[in-house]
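Down below is the structure, laid out as structure tokens.
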Amino acid sequence: MSPYRLVYGKACHLPIELEHKTFWAVKKLNFDLQKAGSARLLQLNELEEHMMFSYESAKLYKEKTKAWHDKQIQKRELISGAEVLLFNSRLRLFPGKLKSRWSGPFKLVKVYPYGAVDLLDERTDREFKDNGQRVK
């Protein structure tokens, strides 16, 4: 009985033993190593082809999803000086049926070219920048 088996309660298989057992099985069953090697290469090529197909499929799905989300974005004409409401998407702490998710009114100070807006809270005279998609 080996010291490994005494400590861990199971046999220790060294890589050399496994290699020898594999060679012995190939020799006993009279396998052709060339055929086995070519079959393994074929399997690897099929696996790589499957991976590429999956990659292409995921890429197409991502493009379609992005196109759908981009189509859902509404174009809004925001005018400086208008009063707007701000959508509060972080109202998860105290969700309520009757609690409004819109806060405001805020005065629109400046509209940036890529959708950002500067809002002014007239009650506190605080000016802040926000996403133009969240105002109505």
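All of the numbers you see were taken from the coordinates with simple rules; none came from a lab. Here the structure is a predicted model, which means the values were calculated and not measured. For neighbour counting, all protein chains shown are included, and Cβ atoms are generated from backbone atoms with ideal geometry for every residue, glycine included.
Which FRET efficiency value, to the nearest 0.05, do you get for GLU56 and ARG76 by plugging their Cβ-Cβ distance into 1/(1 + (r/R0)^6) with R0 = 41 Å?
With a Förster radius of 41 Å, E is 0.70.
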**Study point:** Protection proxy ranking, peptides 115-121, 69-75, 130-136, 34-40, average beta carbon neighbours within 10 Å, highest first
**Key:** 115-121, 130-136, 34-40, 69-75
Practice item. Any chance you could run the full-extension gain for SER100 through LEU120? It's 0.36 nm times the residue separation minus the Cα-Cα distance, nm to one decimal. Key: 5.2 nm
